[in-house]
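Asker: Starting off with a structure, shown below.
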Amino acid sequence: MAETAIRLENVHLTLGAGGSRVHVLKGIDLNVERGESVGVVGPSGSGKSTLLMVLAGLEMADSGIVRVADQSLTGLTEDQLAVFRGRNIGIVFQSFHLIPNMTALENVAVPLELAGMNDAFERAAQELAAVGLGKRLGHYPGALSGGEQQRVAMARALAPQPAILIADEPTGNLDAETGKAVADLLFAEVKRRHMTLVLVTHDANLAAQCSRQVSVRSGRIEPAAAPLAMEVAG
């Protein structure tokens, strides 16, 4: 029987206060098996990115069950959530979020140093080589192209060897050719490392590379479309 990596049951989340209060997630149910890749699609403002933030413990659900990597996230403190993410979840954002005054090597080494690894820089160099940046270790983000910056961000997310990778529009700031190269690398690394992937994207071609797609609309997961009945010739 397949193991469950992520389980959400009847998850609700409201953001904002007063008149600006918005019910963003409305009874989300989602199971993701270990090693599965799930593409989350839907219109802007549907709650896709917020769903990822709940999975990563960056937003706490108002109610419902959020269980990730055999750990319930309910009731954990910010410090406990940070430790949990460091051990279990890698995150790739659309906007890279690299530290501008740190080199590519230093950016990738940061989560490894925070985890107390003595070989942080050696492992960071290996991860950068794995994404094709072995000769760009000393470059600062400002000296790298958008595709190279996203590769650095990917190496940083992968370096701690997380079981789960969460990617929020990882090719959204890249041109089509660069985006395809980054996406191909992302899926290759996920497969090579036997990771679980949850990917939010507006790109239908990118979502189609996942083993399963989930559609979110108005804060709810839409039921999968039933297969069309086949007519049998009489």
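Asker: Helix 176-193 sits at what angle to the longest principal axis of the chain, using alpha carbons and giving 0 to 90 degrees rounded to 10?
Answerer: It works out to around 90 degrees.
Asker: Let me ask something additional. Tell me the angle of helix 146-158 to the major Cα principal axis of the chain, expressed in degrees between 0 and 90 and rounded to the nearest ten.
Answerer: On a 0 to 90 degree scale, this one is about 80.
Asker: Tell me, what is the per residue accessible area of the chain in Å², probe radius 1.4 Å?
Answerer: That works out to 52 Å² per residue.
Asker: Could you state the angle between the C-alpha long axis of helix 120-130 and the longest principal axis of the C-alpha atoms of the chain, as a value from 0 to 90 degrees rounded to the nearest 10?
Answerer: 70 degrees
Asker: So how much slack lies between Ile99 and Thr74, counting 0.36 nm per residue of separation and subtracting their Cα-Cα distance, in nm?
Answerer: 6.0 nm
Asker: Next question, about the same structure. List the lysines whose alpha-carbon lies under 30 Å from that of Lys135, not counting same-chain residues fewer than 8 positions away?
Answerer: Lys180, Lys191
Asker: Rg and Dmax of region 127-201 over Cα atoms: what are they, in angstrom?
Answerer: 11.8, 32
Asker: Next up: In whole percent, and with a 1.4 Å probe on the protein chains, what portion of the accessible area of the chain is carbon and sulfur?
Answerer: Exposed carbon and sulfur together represent 52 percent of the surface.
Asker: Under 20 °C and 1.002 mPa s, how fast does region 13-135 diffuse according to Stokes-Einstein, given a Kirkwood radius computed over C-alpha pairs? Answer in µm²/s, whole number.
Answerer: The diffusion coefficient I find is 126 µm²/s.
Asker: What percent does the relative contact order of region 78-139 come to when contacts are Cα pairs within less than 8 Å and at least six residues apart?
Answerer: Contact order relative to length: 30 percent.
The values are calculated or read from the model by the stated rules, or taken from the named source; none is laboratory data. Predicted model, so just to flag it, every value in this text is computed and none were measured. Side chains are part of the model used for accessible areas, which takes the heavy atoms of the whole protein and leaves out ligands, DNA and RNA. Shrake-Rupley method; radii C 1.70, N 1.55, O 1.52, S 1.80 Å.
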